[in-house]
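Peer 1: Sharing a structure with you now.
The values are calculated or read from the model by the stated rules, or taken from the named source; none is laboratory data. These numbers come from a predicted model, not from an experiment. A quick note on method: Cβ atoms are made from the backbone with ideal geometry, for glycine too, and the neighbour counts reach across all protein chains shown. With ligands, DNA and RNA removed, areas are computed over all heavy atoms of the protein, side chains included. Shrake-Rupley method; radii C 1.70, N 1.55, O 1.52, S 1.80 Å.
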Amino acid sequence: MPLPALYTSRMSPEADLLTPLQRYWGYSSFRPLQQQIVQSLIAGHDTCVVMPTGGGKSLCYQLPALVLGKTAVVISPLIALMQDQAAQLAQMGIAVAVLNSSISGDEQARIVRQARDGTFRLLYLSPERLQRADTITWLQQVPISFFAIDEAHCISEWGHEFRPEYRQLSRLRGAFPNSPIAAFTASATRPVRHDILTQLALRDPDKYIASFH
């Protein structure tokens, strides 16, 4: 059974976030910009975040995923990172799953079935997985809170790490018109940021650019 949401529509975006932050992550305060980013996602806004590696980007989508009580779909090209984050979340008692090619067919079918039932707070997928014809179809049956696109600079041809499969993420807005999309990256020049917003069709997004000093 899905865990109950810790946040409801009757609560304001300023609702107490320190309680789950302390309970699950063991932190008594947020790093710069984290709380504002979390509040943007809780409020259902498209969001673009540029934050250096080690700045705490993952908490910015993991915490709202937990408190909203639905399933945040995290797109990441780094299988090892997905698995590490999922293992950490599972240890914390947060329902999470990873779908990638290293998992057996039976296990993948089980994860898809449980995702439709709303079992997971976070579901990690690779951009290649979204290229499969059946993925969008079953994802449309999942109670999604928002999409979090990690390494979002990979979608831009203006960047040095462009990955063609990331262009498929432009399909998300059309397939999930009511689901917020959040883009996270550690490195994005102004042209790359503009391309991210265009390719993902972000709607009047909240933008957060952290200091790199």
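Peer 1: Please state the charge dipole magnitude for the chain, taken about the Cα centre, from unit charges on C-beta atoms (+1 on K and R, -1 on D and E), reported in debye and rounded to the nearest 20. Please report the intermediate quantities before stating the final value.
Peer 2: Numbers: 19 positive and 17 negative charges, 56 e Å.
Once rounded to the nearest 20, the dipole reads 260 debye.
Peer 1: Is the range 150-210 rounded, prolate or oblate when judged by the Cα gyration tensor, a ≥ b ≥ c being the square roots of its eigenvalues, rounded requiring a/c under 1.5 and prolate requiring a/b larger than b/c?
Peer 2: Numbers: a/c = 2.02, a/b = 1.23, b/c = 1.64.
Taking the square roots of the gyration eigenvalues as a ≥ b ≥ c, the range 150-210 is oblate.
Peer 1: Under the classification rounded if a/c is under 1.5, otherwise prolate if a/b is larger than b/c and oblate if not, where does the range 80-121 fall, given a ≥ b ≥ c as square roots of the Cα gyration tensor eigenvalues? Walk me through the numbers before you get to the answer.
Peer 2: Values: a/c = 2.66, a/b = 1.19, b/c = 2.24.
Verdict is oblate for the range 80-121.
Peer 1: Also: When N is the residue count of the chain, what does its C-alpha Rg come to as a fraction of 2.2 N^0.38 Å? Numbers along the way, then the final one.
Peer 2: On the way: Rg = 16.1 Å, N = 213, 2.2 N^0.38 = 16.9 Å.
Relative to the 2.2 N^0.38 Å estimate, the chain comes out at 0.95.
Peer 1: Ordered by packing density, taken as the mean number of other Cβ atoms within 10 Å over each peptide's residues, highest first, how do 183-196, 55-68 rank?
Peer 2: Values: 183-196: 19.2, 55-68: 23.4.
The densest-packed peptide leads the list: 55-68, 183-196.
Peer 1: Take every Cα pair under 8 Å in the range 7-114 that's 6+ residues apart, average their separations, divide by the length, and report that relative contact order as a whole percent. Provide the component values of the computation, followed by the final result.
Peer 2: On the way: 61 pairs, mean separation 22.2, N = 108.
Reported as a whole number, the value is 21 percent.
Peer 1: Below 8 Å, C-alpha to C-alpha, sequence gap of six or more: please give me the relative contact order for the range 74-213 in percent.
Peer 2: Details: 175 pairs, mean separation 32.2, N = 140.
Over the range 74-213, the number comes to 23 percent.
Peer 1: Once amide H atoms are built 1.01 Å from N in the peptide plane, which residues 5 or more positions from ASP46, or in another chain, come under 5 Å H to H?
Peer 2: Excluding prolines and chain starts, which carry no amide H, the hits are ILE181, ARG203, ASP206.
Peer 1: Under unit Cβ charges (Lys, Arg +1; Asp, Glu -1), what dipole magnitude, rounded to 20 debye, does the range 102-213 have relative to its Cα centre? Spell out each step's value before the answer.
Peer 2: Numbers: 14 positive and 13 negative charges, 52 e Å.
Once rounded to the nearest 20, the dipole reads 240 debye.
Peer 1: Could you look at the chain and say what percent of its accessible area is carbon and sulfur, using a 1.4 Å probe and all protein chains?
Peer 2: Carbon and sulfur atoms account for 51 percent of the accessible area of the chain.
Peer 1: Measure out, as a whole number of angstrom, how far apart the alpha-carbon centroids of the range 42-96 and the range 133-205 sit.
Peer 2: Cα centroid of the range 42-96 versus Cα centroid of the range 133-205: 15 Å apart.
Peer 1: Could I ask something else about it? Send over a whole-number figure in Å² for the accessible area per residue of the chain, probe 1.4 Å. Before the final figure, lay out the partial values.
Peer 2: Values: 10050 Å² over 213 residues.
Spelled out: the 1.4 Å probe surface of the chain, per residue, equals 47 Å².
Peer 1: By its C-alpha gyration tensor, with a ≥ b ≥ c as the square roots of the eigenvalues, how is the range 108-191 shaped: rounded for a/c under 1.5, else prolate for a/b larger than b/c, else oblate? Write down the numbers at each step before the final one.
Peer 2: Details: a/c = 2.14, a/b = 1.91, b/c = 1.12.
Here the range 108-191 falls in the prolate category.
Peer 1: With labels modelled as points extended 7 Å from the Cα through the Cβ direction, what inter-label distance (nm, one decimal) is found for GLN140 paired with TRP25?
Peer 2: Taking the two extended label points, one gets 3.4 nm.
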